[in-house]
Amino acid sequence: MCPPDYFGIEYEINAWMRLSNQSDLVHARAQWQKLYRILTEELGAKVELMKPEKGLPDLVFTANAGYVEGDLFVSSAFKYKERQGETPFFDAWFQSHGYRVLNLGPDCVFEGMGDALPFRDTVFAAYRHRSEVCSHKTLGEILNRRVISLELVNPKFYHLDTCFCPLGNDSALFFPPAFDDYARRVLKESIPDLIAVSDSSAHRFACNAIVVDKTVVTNSGCNDFETALSERGYKLRMTELGEFMKSGGSARCLTLRLE
Ligand code: ARG
């Protein structure tokens, strides 16, 4: 995670960001701290931190740094120049923590675990709004894994982690209207227990969840999938993340899972 010291809405690169809808730094800090405490104190997760950098307001969204598997870090190639300056800082962090750092090359946009999520032996990877489909082929070759490409069609759900969240080995949360017909069919065929999230919860970024053991951490206001979760033995832990929603991000985006 990366503390939100320099977080703000300084540009508009997704359908949620509006320069006229500024975030409040005091509230953002408090919301981030609360999320950090839930993960560490309530759920016992170990959280590594990186240093915030002035002029990089979206560095808080570490999910986009790259793709992590074991000691391998496949670094992102950001679509927008506004975020490209983050890459040297992410790469330096991973290098200094003993990871092998690989780059996909600048010719093909790839936004890390915002757009590529492992499920069993497969990686589901999204394209269209941010990552480009060419990145999927290279990622598959590097990881030596099957990568299934999914097309995202709704600009509000521009990264895969805004509309899809694996839950253990058999289940996943998803928001059906975010995907094209083919992607929906592929998901149905590959995941035995697909849980469709309601329109209202999806727009509160219910799918942008952090799963720690049997707890699902999300933004507030996602109550209506609590039953579906408890039927599967999961607990819902909501926390207010409204300041980050103004930037098109929520719980999951603010973290990058290390193994
Ligand atoms: N403002 C950021 C952007 O548009 C939000 C990133 C959210 N990250 C994510 N993994 N969905 O790039």
Counting only other residues whose beta carbon sits under 15 Å from that of Leu167, what net charge do I get with K and R as +1, D and E as -1? +1
Answer with one residue from His159, Thr218, Tyr127: the one whose Cα lies farthest towards the positive end of the charge dipole of the range 107-259, charges on Cβ with Lys, Arg +1 and Asp, Glu -1. Thr218
Where a ≥ b ≥ c are root eigenvalues of the Cα gyration tensor, a/c under 1.5 meaning rounded, otherwise prolate if a/b exceeds b/c and oblate otherwise, the range 99-247 counts as prolate
Rounded if a/c is under 1.5, else prolate if a/b beats b/c, else oblate: with a ≥ b ≥ c from the C-alpha gyration tensor eigenvalues square-rooted, which is the range 1-72? oblate
Which of the three applies to the chain, rounded, prolate or oblate, going by the alpha-carbon gyration tensor with a ≥ b ≥ c and a/c under 1.5 meaning rounded? rounded
Near the amide H of Leu102, under 5 Å away, which other amide H atoms are found, from residues 5 or more places off or on another chain, if H is placed in the peptide plane? Phe73, Val74, Ser75
When the dipole is taken about the Cα centre of the range 178-219, and only Lys, Arg (+1) and Asp, Glu (-1) are charged at their Cβ, what size is it in debye, to the nearest 20? 80
Rank the residues Cys134, Cys2 as a footprinting-exposure proxy: fewest other Cβ atoms within 10 Å of their Cβ go first. Cys134, Cys2
Taking alpha-carbon centroids only, the range 162-233 lies from the range 113-139 a number of Å equal to 17
Just tell me which lysines come within less than 24 Å, Cα to Cα, of Lys46; anything on the same chain fewer than 8 places away is out. Lys34, Lys214, Lys235
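Readers should treat all values here as calculations from the given coordinates under stated rules, not as data from a laboratory. All values derive from a computational prediction rather than experimental measurement. Glycine also receives a Cβ, built like all others from the backbone with ideal geometry; neighbour counts cover every protein chain displayed.
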